[in-house]
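Report on the following structure.
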Amino acid sequence: MSSHAATTDDPHAALAPLKKTSTGVENKKLAMWAFLASDCMFFGTLISTHLIYRKVYPTVVEPTEIFDIELTAFSSFILLMSSLLMALSVSAAHKGNIAGMRRFLLGTIFFGLIFLSGQVYEFNHFVRESGLTLSSSVFGSTFYVLTGTHGVHVALGVLWLSCWTACTLPKDWAWYTLKGRRFLWLPFRVVFAPMTGRYKHENALDVEVAGLYWHFVDVVWIVIFTAVYLVEYLPVFGF
Amino acid sequence: MAETQQKPVTPDYVVEEHKKYFTFFNLSIALIAITGIELVIIYVPVNRWFLFTSLMVLSTVKFIGVIWWFMHLRWDRALCTIVFLIGLILATGTVTALMLLFRRDPDGAPEIMTLLPSLLW
């Protein structure tokens, strides 16, 4: 299939057989959309749980006193930028530009790690400075469960994208020559080396599916940023 | 090496992808601008309902922007949009119903506790 694709002028030729389904949509992509639809309901229940408990049991701690809205806005900015890089990496994957795709994927991973670092810093600050823990109050329970679940989604996305990045690397990627000396990145080699050199043009669909997941994580954060953080600064709603 | 597996591309396809590139870039600029506006307006001393409505509208615009362009719904078959909308509508309905069902009680007890018997009988 890939050899046929290499000889044709249409770059989508390698992906065309995958679209030959009864729905006209690739099965993997449709399955991912179905999963994202179910994840909508999952996050919907978590968000409504947080908002309801926030309304029913007004907390002793005023959230606006412990929130660092600038940091959260920066996290939003980082996640939005990672979405841009993810979209560009999917575009590069469809064009067959593997080197470009790898660069954009690495950028997405980097931004995802920055977001996770911000979340770890925020949680650490809440626990140490404000005494807000998972069991200290209802607000703490619902807040950590909601934002923590989102963080787990981001972490899984980073891992998923890392796997696809590793797949685009050449077989001997773990050995680098620097000033005549070879360095072995052992931990990375052990984890990712079995995946190296496995990427083919047909896998552009897999990267696109991973991209859908990543964008969804961004979409969920857009809702959380407004419903959990920004709305707290409007005291009329008296949560 | 993996780079040698690059496929030939047609000029039309390259043009299409370049259009997408500019679409993605413009969208990301718009999303950042909206996030900045959201951050600023919460401190603006205007009608609070106006602020709340503005926040909802802005986040909805961001939401639609990401799923429509970044997630390729604009270019994909309608089935993908329908499948996602089913989940989204169910989730939105659940959140709305729960928010309306639970009301704050000045005594501290959730009003649902007093509502439940009447709902059940």
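The values are calculated or read from the model by the stated rules, or taken from the named source; none is laboratory data. This structure is a prediction, so every number in the text was calculated from the model and none was measured. Note that we place each Cβ from the backbone using ideal geometry, even for glycine, and neighbour counts take in every protein chain shown. Side chains included, ligands, DNA and RNA excluded: accessible areas come from the protein's heavy atoms. Shrake-Rupley method; radii C 1.70, N 1.55, O 1.52, S 1.80 Å.
Values as computed for the structure displayed
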{"quantity": "Any hit, the range A:84-99, residues being part of a helix (DSSP H, G or I) and under 30 Å from A:L132 (Cβ atoms)", "calculated": "no"}
{"quantity": "Single condition A:S117 does not satisfy, out of (1) under 18 Å from A:D218 (Cα atoms); (2) in contact (Cβ under 8 Å) with a residue 12 or more places away in the chain", "calculated": "(2)"}
{"quantity": "Qualifying residue in the range A:42-64 (condition: modelled with pLDDT of 90 or more, more than 7 Å from chain B (Cβ to nearest Cβ), within 14 Å of A:G211 (Cβ to Cβ) and assigned to a helix (DSSP H, G or I))", "calculated": "no"}
{"quantity": "Of residues in the range B:46-61 being part of a helix (DSSP H, G or I) and farther than 18 Å from A:L80 by Cβ, the one nearest to the chain's Cα centre (by Cα)", "calculated": "B:M56"}
{"quantity": "Residues (at pLDDT below 65 and more than 10 Å from chain B (Cβ to nearest Cβ)) located in the range A:1-22", "calculated": "A:M1, A:S3, A:H4"}
{"quantity": "Search result, residues across the range A:45-79 that are open to solvent by 10 Å² or more (accessible area, probe 1.4 Å) and within 30 Å of B:L79 (Cβ to Cβ)", "calculated": "A:T45, A:L46, A:I47"}
{"quantity": "Residue match in the range A:159-180 (condition: open to solvent by less than 20 Å² (accessible area, probe 1.4 Å) and at pLDDT 95 or above)", "calculated": "yes"}
{"quantity": "The range A:99-124: number of residues that are open to solvent by 10 Å² or more (accessible area, probe 1.4 Å), farther than 20 Å from A:R54 by Cβ and of a type outside the set (D, E, K, R)", "calculated": "15"}
{"quantity": "Of residues in the range B:17-45 being open to solvent by less than 90 Å² (accessible area, probe 1.4 Å) and not in a helix (DSSP H, G or I), the one nearest to the other protein chains (Cβ to nearest Cβ)", "calculated": "B:I42"}
{"quantity": "The range B:46-74: number of residues that are more than 9 Å from chain A (Cβ to nearest Cβ) and on the phi > 0 side of the Ramachandran plot", "calculated": "0"}
{"quantity": "Residue within the range A:23-30 that is within 9 Å of another protein chain (Cβ to nearest Cβ) and at pLDDT 90 or above present", "calculated": "yes"}
